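Reviewing the structure listed below.
The values are calculated or read from the model by the stated rules, or taken from the named source; none is laboratory data. What you are looking at is a predicted structure, and each value in this text was computed from that prediction instead of being measured. All Cβ positions, glycine included, derive from the backbone under ideal geometry; neighbour counts span all protein chains shown.
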Amino acid sequence: MRKKHAPETSFIFVLLLTLSACSKSSEIDAPAGDVAADASIIGVATPYAESKLEMKLFKVKDAPIYYVLGFSGVPDAENEGHTSNAGFVVTDAGVVVFDALGTPALGYQLLQRIREVTDQPIERVILSHYHADHIYGLQAFEEHADNPPVWAQELALGYVGGSTASQGEDAERRLAQRREALFPWVDENTHIVSPSNTFEDEMDFEVGGVTFMLKHLGPAHAPADSIMLVKNYGVLFSGDVIYKGRVPFMDSPETDTKRWLRGLDYLAELNPPPRFVIPGHGAPSQSVKEAITTTRDYINFVRDAMGTAAKNLVPFEEAYNATDWSAYQDMPAFDGSNRGNAYRIFLEMEAEPFK
Ligand SMILES: [Zn+2]
């Protein structure tokens, strides 16, 4: 339940805002469990809309690398669209940001967290892929951080002006949906910021003595799915190739679960293995092999169930109802995503022998 705030209590917000701005980020290896929505007390003014969320900043131990964690579940008014993770790396020559969150207001709050840590300019923003929950925050960087270069894998260009559902979601239709579901944080002034720079398969770059690697692992859940490895520190930002603690989103004609599984194998075989993994959704992990488990097991489970049905010409409805979903049904996003996922995989498995 959201609480309405009387105007005369506004000064309390300002006070709380000042206090919270002074609080330090937590230096931890991994937060205990999932972050809980506590939307009840603090109202944070942004140039876009007031936010009632506390965006807590976490720091990777022994590294100038920070991240914020979205709530589990699908974007709605309760979580203000804060369902994905994002992070940044501070160097002597600027800040490298990975993903920009799901509304301009959230992007602005991420920028505020960055400013609490460093005055360095934003050197670039890298997008794991182009889906609403990761990119709408770019607008805040464009308007309040000197419009830094925005990097994504080249298939992300298809998101803007692309064909219908070209990126697993129709950009215009998604924006219209979010203007309703996430108003006032997404409104008529919200716009999509396109990538200014792209890479193809793999790209190394260096900022302030820190070496980064970007690697395309898609199309997995979206065409441009890519990861960022911060080599000096062994920290992996996996984007949505890894979902933790919730049912992954696969309900898209662009989802390619076969390639997705190959991408997970690639991550499991990274040598040396990353010491810290920040997924696109869910809690971070100190083990890649542990981090990929939910996503890989779920994909395999749905592929097995729907693949057998498709092979035996069992209609989807019948196959879906006959499948024992008990291992996943209590997971966040199950109700919103599982049936659509299963149907997509069913179609994918039907088509697979002809590919
Ligand atoms: Zn996502």
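Some notes on this structure:
- Pairs linking a residue in the stretch 101-130 that is at positive phi to a residue that is within 16 Å of the ligand (Cβ to nearest atom) and in a helix (DSSP H, G or I), with Cβ atoms under 6 Å and 6 or more positions apart or on different chains, are Leu101/Gly107; Leu101/Leu110.
- Residue check for Pro248: within 13 Å of the ligand (Cβ to nearest atom), in a loop (DSSP other than H, G, I, E, B), within 16 Å of the chain's Cα centre (by Cα) and crowded, with 24+ Cβ neighbours inside 10 Å: yes
- Criterion: within 16 Å of the ligand (Cβ to nearest atom), in a loop (DSSP other than H, G, I, E, B) and surrounded by fewer than 24 Cβ atoms within 10 Å (Cβ to Cβ) - qualifying residue of Pro272, Pro219, Pro223: Pro219
- Test result for Ile299, within 16 Å of the ligand (Cβ to nearest atom), over 20 Å from Gly70 (Cα atoms) and either touching a residue at least 40 places away in the same chain (Cβ under 8 Å) or hydroxyl-bearing (Ser, Thr, Tyr) (or both): yes
- Of the residues making up the stretch 307-355, those that are among the aliphatic types (A, V, I, L, M), surrounded by fewer than 13 Cβ atoms within 10 Å (Cβ to Cβ) and outside any helix (DSSP H, G or I) number 2.
- Meets criteria (in contact with a strand residue (DSSP E or B) (Cβ under 7 Å, 6 or more places away or on another chain) and at pLDDT 95 or above) for Leu57: yes
- Matching residues in the stretch 195-216 - criterion: being over 17 Å from the mean Cα position of the chain (by Cα) and outside any strand (DSSP E or B): Ser196, Glu200, Asp201, Gly208, Gly209
- Residue match in the stretch 287-303 (condition: touching a Leu at 6+ places or on another chain (Cβ under 7 Å) and of a type in the set (Phe, Trp, Tyr)): no
- Restricting the stretch 278-296 to residues that are in a helix (DSSP H, G or I) and not hydroxyl-bearing (Ser, Thr, Tyr) leaves a set whose member that is farthest from the ligand (Cβ to nearest atom) is Lys289.
- Looking across the stretch 39-93, the residues that are under 30 Å from Glu206 (Cβ atoms) and within 16 Å of the ligand (Cβ to nearest atom) come down to Tyr67, Val68, Leu69, Gly70, Ser84, Asn85, Ala86, Gly87.
- Sole exception among (1) in a loop (DSSP other than H, G, I, E, B); (2) at pLDDT below 90 for Glu172, by number: (1)
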